[in-house]
Amino acid sequence: MGEAHSDEFCHCQGCAGKYTLLRDEENPRLAIFERRLPCCGCGIGWSSFLLGFLCPLIWYFAATLYCCKYYNKDPRERPGLAASAVAALIFTVLAITALSVALIICVYK
């Protein structure tokens, strides 16, 4: 598969050669990802991050996807999945701290 340069023109019937082909010569994989992301265009990662504030278990689901390298299918998902993984980590630390404090308070009452 040859590389397309910016001076090459499209030869399809619809545009009759009026448009220039656009591709990233350094990373030809980016042409694969021209379709819209799922979940209203935000992607699974950012949607999971936002919904995680309503139900924190969603952050753990997104963190699992991040650890299983789901973003290899679509690199645009990586930042959202990473944000969800960090949110899951912070939530875990806060939950353990809160439970520990509550347990100490109950024991010493």
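The values are calculated or read from the model by the stated rules, or taken from the named source; none is laboratory data. Please read all numbers here as calculations on a predicted model, not as lab measurements. Heads up, the Cβs are rebuilt from the backbone with ideal geometry, glycines too, and the neighbour counts pull from every protein chain shown. For the accessible areas, the whole protein counts, side chains as well, though only heavy atoms, and no ligand, DNA or RNA atoms are used. Shrake-Rupley method; radii C 1.70, N 1.55, O 1.52, S 1.80 Å.
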- Query: Being open to solvent by 100 Å² or more (accessible area, probe 1.4 Å) and modelled with pLDDT under 90, is that true of even one residue in segment 90-103?
  - Reply: no
- Note on the structure: A careful count of residues in segment 54-70 that are part of a helix (DSSP H, G or I) and open to solvent by 60 Å² or more (accessible area, probe 1.4 Å) gives 7
- Quick one: is LEU30 touching a Lys or Arg at 6+ places or on another chain (Cβ under 9 Å), at pLDDT below 85 and surrounded by 11 or more Cβ atoms within 10 Å (Cβ to Cβ)? yes
- Query: Restricting attention to segment 55-109, which residues are of a type in the set (Val, Ile, Thr) and free of Cβ contacts under 8 Å to residues at least 24 places away in the same chain?
  - Reply: THR64, VAL86, ILE90, THR92, VAL93, ILE96, THR97, VAL101, ILE104, ILE105, VAL107
- Do the conditions hold for ILE44, that is, is it open to solvent by 60 Å² or more (accessible area, probe 1.4 Å), modelled with pLDDT of 80 or more and in a helix (DSSP H, G or I)? no
